[in-house]
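Right, one structure below, let's go through it.
All of the numbers you see were taken from the coordinates with simple rules; none came from a lab. Treat the numbers as computed from the prediction; the structure is a model and nothing was measured. With ideal geometry, Cβ positions are generated from the backbone for all residues, glycine too; neighbour counts draw on all protein chains shown.
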Amino acid sequence: MGLSSGWLPRPPVAPLVLIAVWAFAVAHVGAQQPPKNAGPDPVENFCMRWWSQSVVKNNTLYIDSGVQRFNDSGDVYLGINNYLLTIDMTRTWDWQVPSNESGGLTIDVERKNVTSPSTGTAVPNLIRGHLFHGPYNKSDTIYNFGGATYMNNQSFEGYRQPDSSQYPLWTYDRTLDSPWDKHTIQQVWQPNHGAAAEDTGRGFGFYLGGQIDMGTSTLTLGQPFRDPTQNLYMPLDGMLVINLVDLDVRADNISTSSMKRNSPRVGGALEYIDAVGDSGILVALGGQIQPGLKFGEIANRTKGELIDFNTVDVFDLDSYFSDTSSNGTWYEQATTGDIPAPRIDFCTVYVSAPDNSSHHIYLYSGFDPINNKAYDDVAVLSIPSFTWTTLFDNGGAPRIGHNCHRVGKRQMVTVGGNVTTLPCDWELKGVAFLELSTVKWGSVFYSNITDTEYDVPNQLLSVTGGKASGGATASEPKQGWTEKGLGEVFRKSRYTIPSTWPTSNNSSGTRDSTSPKKNNVGAIAGGVVGGVAALALLAGLLFFRHRRRLQKESPSELHGNEIPRPSNDEEKDNYELKGVNSDEPVELPGPEAQELSAPREFVEADHDTATWASELPGTNTVAGGVHGKPIVRTPGDDLPEIPEYTPGLRRPSSAGRRRRSSSSSAGSKKAGDGPQVDGQQRVEEKEDYFSKPAIGPSAKVESPRSEDVFQTPHERVSPPEAGPVAQNDVGLSRAQVSPPEPSTKHTEVPMAPGTAL
């Protein structure tokens, strides 16, 4: 808890006192003013942008700051984006269409040359932070947490020195005249490069791990952090729980010592799944650790160890919310399937089947800093089977430091990223889309399908079972639960447990885990079970009493032959049905004409049927009839011919039989063509989304980079070869839409001075 388990790895008392003195001194440092010149326009001079903060809220995509490679009249150089960008997500648009044409993408820019109204401090422009969505009742407010100043080009005209770490949280409310304001969460350091997720229903943000480096604050500008590439850093352990409803509440830093490897991590991902457990779960994936790192030692990004995806860590939020003085419970779970290579700086989104019977975490691209390898692939972790599936790999445009967001129920938007094989991003606006159900990349965002339900892709159904609309049958990992306590969490939900999951609770695991501490759990459970049993017994007695009273009453019978009563004699009378157009008895063929041993029941006709209709015992069914319903003839309904007998409970077809109604003739014709298959209909609709866009045809766009001469103060960079822009399409994988000459699956990333990642 607190500092001892959080932002510094358990320092002795003396350093804690020193930290407190530093924090007090920093709080009284004069506030910096915004730079007079913010640098080139980030949209008009766009070349590439990565390590930005972004979020989708209230149908708006916000993109804040980030490292940007500018293309300024042919000169390409690195700097910082000093603007807040917004994109309207209520309309359909294509990023390949110029913004001044119909259907084109328009990006609004707002310079952050303002100060906090409460302190006069300039709004920072940082990298590797996180934009939280925040509570739903704050529809126009976003929450910018953490981050660091980009230090690799301090001569950039928009550069500003790092501030203190006293206010790591900023809010932006677009409805206010002074939209930016800063807040303290009473923590010593401002982290960056951590993993974040949030429970928007409760209004809590979660920030796992992270680091401090040269760009963190005024206290880290010198040794031992002095490294403009910011490859040197100090990892921070623990997970912050941030109250986004009450910003004056101290953030709680809970211990993560029970996580895999028990080591602080950077560059990983964290996903919140609300439908699992009583309060939802957090799933932590990937990242980088520094085993054996001692207090006061500095880590290097090119060293250390990457966390593989053979296991993931799961946090039961109810174990924390039920007792906030505790650290909650982390579980480790092994995974199977086509496991992707370990990495950092990837992005993830999750989506659930409509009935919550399965959940899927999509992982896109990333970077291995130890072996200098970049990836262009998409893999999916399906839960609760915890199975990996690779949807595609070996693309030609690896990305690093990008963000992903789910828009609506089935579209994923990617924001920015360092494309390691090109001098500039081939996505001219820095955004693209993956349709999560069809697994197809495209340049068009379709606003008219945001409410369309997600269909589980065919590639994942072999893992989950069920069908596209849900009904997954895989309710646990094939190899069993690594920790049995996690299986119990998945058997609870704030929503309805999927009916397609097996009812058995059998599970196997390699080690047990202690369940979250509860008060009088056994007594409460016993009381609940006893109460349910008593209610069930009482309900059963009332039911049988009511049934016995009903059995004593004689039914009102129609005129005609006497209804045969049940008999205890060993020999039962065989009752035969008469032919449809004949008074001769017709016997059922073979074994189908067997009498049931159970007592017969009275089957009475409706009150408005013909008075001479005969009732039949409920144990006989004529071919084409329905069990328990008598065959009733009415005058004038005699058939002109005896239909051929057809075995089974099917209505015999006859060309000469009269129809009782002509209103369903169209439907009968359709039925003759065979049943309509839901899956086929769904596929046709999905293809229509991407083959017939709602907007006009995409115009051929000439890249603004094609005629430019690219250069930096340190090197000259050749421009990409000009080529036709791919038509929208959809149906193409990202590798097909991307540059035609892919490199290799693992792309060597240049680490030259001035172009550091």
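What is the range 220-303's relative contact order, in percent, from Cα pairs under 8 angstrom and six or more apart in sequence?
That works out to 29 percent.
Assuming 0.36 nm per residue, please report the length gained on full extension of the stretch LYS294 to GLN154 beyond their Cα-Cα distance.
Gain on stretching LYS294 to GLN154: 47.3 nm.
Please report, to two decimal places, log10 I(q)/I(0) for the range 138-192 at q = 0.17 Å⁻¹ as given by the Debye formula with identical point scatterers on the Cα atoms and no solvent.
For the range 138-192 at q = 0.17 Å⁻¹, log10 I(q)/I(0) is -0.67.
Applying a 10 Å radius around every beta-carbon, put 452-462, 243-253, 279-289 in order of their mean neighbour count, most first.
279-289, 452-462, 243-253
What value does the range 249-372 have for Rg/Rh, both radii from Cα atoms and Rh as Kirkwood defines it?
That ratio equals 0.98.
Taking a spot 7 Å from the Cα of THR218 along the direction of its beta carbon, which residues of the range 148-185 have an amide N less than 13 Å from it?
Zone members listed by number: 161-167.
I want to check the label-to-label distance for ASP278 and THR92. Put each point 7 Å from Cα in the C-beta direction and report it in nm to one decimal.
Taking the two extended label points, one gets 4.6 nm.
Checking the a/c ratio against 1.5 first, then a/b against b/c, what shape does the Cα gyration tensor give for the range 397-439?
Here the range 397-439 falls in the prolate category.
Using the Kirkwood radius over Cα pairs, work out the Stokes-Einstein diffusion coefficient for the range 28-169 at 10 °C and 1.306 mPa s, in µm²/s as a whole number.
It comes out at roughly 98 µm²/s.
Taking just the C-alpha trace of the range 286-328, give me its Rg and Dmax in Å.
Here Rg and the maximum Cα pair distance are 15.1, 40 Å.
Send over the Kirkwood Rh of the range 333-460, from the inverse of the averaged 1/r over different Cα pairs, rounded to one decimal Å.
15.1 Å
Highest mean first, what order results for 196-207, 223-234, 60-71 on Cβ atoms within 10 Å?
In decreasing order of mean packing, 196-207, 223-234, 60-71 become 60-71, 196-207, 223-234.
With only alpha-carbon atoms counted, please give the Rg and Dmax of the range 200-260, in Å.
14.7, 43
Cross-link list LYS57/LYS478; LYS373/LYS409; LYS138/LYS409; LYS112/LYS409: which exceed 26 angstrom alpha carbon to alpha carbon?
LYS57/LYS478; LYS373/LYS409; LYS112/LYS409
Full-extension gain between THR106 and ASN137, please, as 0.36 nm times their residue separation minus the C-alpha to C-alpha distance.
Value of the extension gain: 8.4 nm.
With a point put 7 Å past each Cα toward its Cβ, work out how far ASN262 is from THR324 in nm, to one decimal.
Placing both labels 7 Å beyond Cα along the Cβ direction yields 2.8 nm.
For SER99 and THR473 in the same chain, what is the full-extension length gain: residue separation times 0.36 nm, less their Cα-Cα distance, in nm?
So the extension gain works out to 130.0 nm.
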